[in-house]
Amino acid sequence: MTTSDPTGLHRVLDEPVGGSLPLPQAARRLDTRSELWPDEVRIRVERLNLDAASFRQLEAAHDGDGDAVRREVLDIVAERGKMQNPVTGSGGMLVGVVEEVGPDSPLGVKAGDRVATLVSLTLTPLVIEDGLAGWGGDSEQVPCDGYAILFGRSIAAVLPDDLAPELALSVMDVCGAPALTRRVVSERYAGGVVAVIGGGGKSGSLSLAAARDAGAGHLIGIVPTDAEADRLREAGLADEVVVADARNPVALRDAVTKSGGPADVTVVCVDVPGCEGGAILATAEQGTVIFFSMATSFSAAALGAEGLAADVTMLVGNGYVPGHAAYALDLLRANAGVRALFEGRLAQ
């Protein structure tokens, strides 16, 4: 291509299909040259944050062998020019310092800004230059030296001065979930019942806090273990905390019902597959299910709702709502329970 495209189409190296190129997220390979097109920004990467579904899959595939996980991440990035797990299709996000800004960039950042990218690594040209030498392959957060390229339609947020970069990155990685939860609850279900599957995790805890902020009447947090239940109860984010296997539809439905359900809104924030049917059964007629997990099978969700004759609205959380990063950070600052859960995960 002789001109850049704000979507990053000029960085796609795939052969055209039917006369057109795929968008960068769907592309097999991206051009990672460091020279910028006029509307691009180059970031010196300090840390990657792999999304939970991707990291869980990599860890399981290599039986917890951190060296093998690190080698696979390096291989993926070298082969594809981006971090896109070939099994889950997902990536994550990154933190770094702006190195150079093209003269036509609309992103509003300048050289020297420390930023978090609010677009997926699955569409971000990425080069790793240190072999991930500082990472043991044992956590979602990956110390890294390299560079990444942002397009004209990318999104980046300058990191706040009052939060550690690792903490801010953890929040921004899932900031779409609380913003959409707040919108759905406030517009249609104020005073209603909200159930969050995976309520003890990052997106789940923020979604509980957002639902409370939006006026939910009763909050149910669903977690898989007693240990997570204890932490969530201590955080005080839910009115009821339920230990249940979200992959067991009937058990999940019964647990939610006994705890004040069915839910008017069910938010799915777990990183394991097979939770679609339980989420649907736990939701009241004319309720809404919000899927924020990259492990979700959307065909299973659609066909499952049809097969159960469930009159529910199902939303795909796409990770972007205007103002989502600032809102999530404000929830963390204002809610000691949310902050304790995030800091506890980082400490582990």
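Nothing in this text is a laboratory measurement; each read-out follows from the coordinates by a stated rule. Fair warning: this is a prediction, and the values are worked out from it, not measured in the lab. Every residue, glycine as well, gets a Cβ built from its backbone with ideal geometry; the counts of neighbours run over all protein chains shown.
Quick one: dipole size for the chain, taken about the Cα centre, charges +1 on Lys/Arg Cβ and -1 on Asp/Glu Cβ, in debye to the nearest 20.
Taking the Cα centre of the chain as origin, the dipole is about 540 debye.
Report the Cα centroid-to-centroid distance between the range 137-157 and the range 292-348 in angstrom, as an integer.
Cα centroid to Cα centroid, the span is 21 Å.
Work out the P(r) tail for the chain: percent of alpha carbon pairs separated by more than 34 Å, whole number.
Counting every Cα pair in the chain, those more than 34 Å apart make up 26 percent.
Can you list residues from other chains, or at least 5 along the same chain, whose modelled amide H is less than 5 Å from the amide H of T266?
A195, T288, V289, I290
With springs connecting C-alpha atoms under 10 Å apart, model the chain as a Gaussian network and identify which of A179, A251, A227 has the largest mean-square fluctuation.
Maximum among the listed residues: A227.
With a/c under 1.5 counting as rounded, go ahead and sort the range 107-188 into rounded, prolate or oblate using the C-alpha gyration tensor (a ≥ b ≥ c being the square roots of the eigenvalues; past the cut-off, prolate if a/b is larger than b/c, else oblate).
prolate
Which whole-angstrom value gives the distance between the alpha carbon centres of the range 158-216 and the range 88-113?
Taking the Cα centre of each part, the range 158-216 and the range 88-113 sit 24 Å apart.
Given the DSSP H assignment, sum -39500 (n - 2.57) over each helix run of at least 4 residues in the chain and divide by its residue total; what's the result at 222 nm in deg cm²/dmol, nearest 500? Don't jump to the answer; show the numbers that get you there.
Details: 11 runs with 117 residues, N = 348.
Using -39500 (n - 2.57) per qualifying helix, the result is -10000 deg cm²/dmol.
What GluC sites (Glu not before Pro) in the range 5-95 are in a loop by DSSP, with at most 13 other Cβ atoms within 10 Å of the Cβ?
E35
Taking loop as defined by DSSP and a crowding limit of 15 other beta carbons within 10 Å, which trypsin sites (Lys or Arg not before Pro) in the range 74-161 fit? Provide the component values of the computation, followed by the final result.
On the way: sites: R80, K82, K110, R114, R153; in loops: K82, K110, R153.
Filter output for the range 74-161: K110, R153.
Give a quick list of trypsin sites (Lys or Arg not before Pro) in the range 208-272 that DSSP marks as loop, anything other than H, G, I, E or B, with at most 14 other Cβ atoms within 10 Å. Could you put the intermediate results ahead of the total?
Values: sites: R212, R231, R233, R247, R253, K258; in loops: R247.
Passing both the DSSP loop test and the Cβ count: no residue.
Please list, in order along the range 277-292, the HN-Hα scalar couplings obtained from phi with the Karplus expression 6.51 cos²θ - 1.76 cosθ + 1.60 (θ = phi - 60°), rounded to whole Hz, x for Gly and Pro.
Along the range 277-292, the couplings run x, x, 4, 5, 5, 7, 9, 5, 4, 6, x, 10, 10, 10, 9, 10 Hz.
What FRET efficiency would be calculated for the residue pair E15, L315, taking the C-beta separation as r and a Förster radius of 45 Å, to the nearest 0.05?
After rounding to 0.05, the efficiency reads 0.85.
I want the antiparallel fraction of DSSP beta bridges within the chain, as a percent rounded to 5.
55
Rank A133, A168, A284 by mean-square fluctuation in a GNM of the chain with C-alpha springs under 10 angstrom and give only the top-ranked residue.
Comparing A133, A168, A284 in a Gaussian network model of the chain, the most mobile one is A133.
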